[in-house]
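Structure record follows, encoded as structure tokens.
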Amino acid sequence: MQQTDSLVIIPTYNEKENIEKIIRKVFSLAIAFDILIVDDGSPDGTADIVRKLQQEFPHHLHMEERKGKLGLGTAYIHGFKWGLGRHYEFIFEMDADFSHNPNDLLKLRQCCMDGADMSIGSRYVKGVNVVNWPMSRVLMSYFASVYVRFITGITIQDATAGFVCFRRRVLEKIPLDKIKFVGYAFQIEMKFTALQYGFNVVEVPIIFTDRTEGTSKMSTKIFREAFFGVIQLKIASWFKK
């Protein structure tokens, strides 16, 4: 059995159209990665597909099943704790729907090997690199990142990015139980907190391709949490100094 130092965490809710393809793609890469699926009780049978694939990849494909749709942020926190309880040095966040190209896992990992504590697959570090998004969503996402930089003072171009590699020491240092947001604000909070602790955060240019199968989990509630969440983060940081 080949042991790997890299774990890819993939939260799922109703991803039956994508889950087998994304798992096989990750396992086909030149460098070995383990995968942890964190499934929030998908009623479409996503977990059943994963269980079947675990028979084929018994040592490298893992799954944690939760009861109910508990949110993206809590899924990642659950996965981080699971990974920290094992031997992994590089722990990744990645979507299940191929909006993040699994080939780019190699770039994010190499960036951390070259000195970054946290590498981010960024849509905006070199222009705007998104495919299949309507212009309205491109503008909303881009100006959301501008807004985050303005309020928080961080220099990250793609603060809501969800394609990330953490070195183990980052997740060991961040008080995971105190991370409070669950949607896009979770992504902002993790980056903001890592920078507050002095970690080296580096953006790696990627091309983001919107899902072609399955249903987006974006909602007004998630957007509202991110909008007001950055203000809360900035105010809270004043009292930590």
Name, by its number, the condition in (1) of a type in the set (D, E, K, R); (2) out of contact with any strand residue (DSSP E or B) (no Cβ under 6 Å at 6 or more places or on another chain); (3) more than 23 Å from residue 175 (Cα to Cα) that does not hold for residue 81. (3)
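Of these, 71, 79, which one is within 22 Å of residue 176 (Cβ to Cβ), of a type outside the set (Phe, Trp, Tyr), buried (at least 17 other Cβ atoms within 10 Å of the Cβ) and modelled with pLDDT under 95?
Working: 79 fails: modelled with pLDDT under 95.
Unique residue meeting the criteria: 71.
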Going by the structure shown, is residue 38 assigned to a strand (DSSP E or B) and among the β-branched types (Val, Ile, Thr)? yes
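Could you tell me whether region 132-142 includes any residue that is closer than 16 Å to residue 8 by Cβ, small (Gly, Ala, Ser) and surrounded by fewer than 21 Cβ atoms within 10 Å (Cβ to Cβ)?
Going residue by residue through region 132-142, those that are closer than 16 Å to residue 8 by Cβ are none.
No; the residues of region 132-142 include none that is closer than 16 Å to residue 8 by Cβ, small (Gly, Ala, Ser) and surrounded by fewer than 21 Cβ atoms within 10 Å (Cβ to Cβ).
Take the residues in region 88-112 that are in a loop (DSSP other than H, G, I, E, B) and of a type in the set (Asp, Glu), then tell me which one is surrounded by the fewest Cβ atoms within 10 Å (Cβ to Cβ).
First, the residues of region 88-112 that are in a loop (DSSP other than H, G, I, E, B): 88-89, 94-101.
Right, trim to of a type in the set (Asp, Glu) and you get 89, 95, 97.
Working: 89: 16, 95: 19, 97: 23.
Among those that are in a loop (DSSP other than H, G, I, E, B) and of a type in the set (Asp, Glu), it is 89.
Okay, residues lined up against (1) more than 23 Å from residue 92 (Cα to Cα); (2) surrounded by 14 or more Cβ atoms within 10 Å (Cβ to Cβ); (3) at pLDDT below 70:
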| residue | (1), (2), (3) |
| --- | --- |
| 192 | no, yes, no |
| 199 | no, yes, no |
| 202 | no, yes, no |
| 206 | no, yes, no |
| 210 | no, yes, no |
| 213 | no, no, yes |
| 216 | no, no, yes |
| 228 | yes, no, no |
| 234 | yes, yes, no |
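Go over the candidates 115, 85 one by one and state the one that is among the small types (Gly, Ala, Ser), closer than 19 Å to residue 4 by Cα and surrounded by fewer than 20 Cβ atoms within 10 Å (Cβ to Cβ).
Numbers: 115 fails: closer than 19 Å to residue 4 by Cα.
The match here is 85.
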On the given criteria, is residue 125 outside any helix (DSSP H, G or I) and not charged (D, E, K, R)? yes
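The values are calculated or read from the model by the stated rules, or taken from the named source; none is laboratory data. Since the structure is predicted, the reported quantities are computational estimates derived from the model, not experimental observations. Ideal geometry is used to build each Cβ from the backbone, glycine not excepted, and the neighbour counts take in all protein chains shown.
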